[in-house]
Amino acid sequence: MKKIGINLEKTILKEIKEIITHPLIEESKMFQERYDTDEKISFCISYFDHWLNDNELENAITFFDQEGSNNDFYQSYFDYENKIIDFFIDRYNHQDIFIFSDHGKNSSIFEFNNVEDLECVTKLILRADLMPINIYIRNYKAIFYSQTDLTWSVISIYSRVIKIKNLIKTYKINILE
């Protein structure tokens, strides 16, 4: 990965700030509540195809190297991981993807040197719970926040949410709302 130029970094950080300070995001307390309006600006992508209920959550494998993981889980997990990587590589090929660490005033933006870097970082984020490392897809004004339970929160500005969801669906990645 390499640090991007200061002017581009300032521009991207400004864009990210505008997204995360959107009034609907502020009201939702950063994904702790779900929206019941037509102006959905957040959703999740997930290994799971539905929100787990309490009983399912107790019995589910919710992170990569959890005790009790078996070959069936890993095969299914690697399929999910490859879908995420393929999606991010597509955005890399459009020169559209950045990685950022969210440390308030000390936030940093980086771009990937090559596809191998992108693939390696994505695997580390998914498998090793590297937080707060996030992905920003600029053309869609979408921020992908990694989480610990094989689910990523995604926020975007309203006018681009449907477009980013449709793109994600082409990779057969589960979307939860």
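Bear in mind these aren't lab numbers, they're just calculated from the coordinates by the rules spelled out. Quick caveat, the model's predicted, so the values are computed rather than measured. Using ideal geometry, Cβ is built from the backbone for each residue, glycine included, and neighbour counts are taken over all protein chains shown.
Couple of notes before you dig in:
- Label-reachable residues, the range 65-103, where backbone N falls under 18 Å from a point 7 Å from Leu13's Cα toward its Cβ: 98-103
- Gyration tensor (alpha-carbon) shape descriptor, the range 85-177, a/c threshold 1.5: rounded
- In this structure, the pairs whose alpha-carbon distance is over 18 Å, taken from Lys17/Lys163; Lys14/Lys169; Lys14/Lys123; Lys10/Lys141; Lys17/Lys141; Lys14/Lys165, are Lys17/Lys163; Lys14/Lys169; Lys14/Lys123; Lys14/Lys165.
- Residues Phe110, Phe87, Phe78, ranked from the fewest to the most other C-beta atoms within 10 Å, line up as Phe78, Phe110, Phe87.
- A Förster radius of 30 Å combined with the Cβ-Cβ distance from Lys123 to Glu58 puts the calculated FRET efficiency at roughly 0.65.
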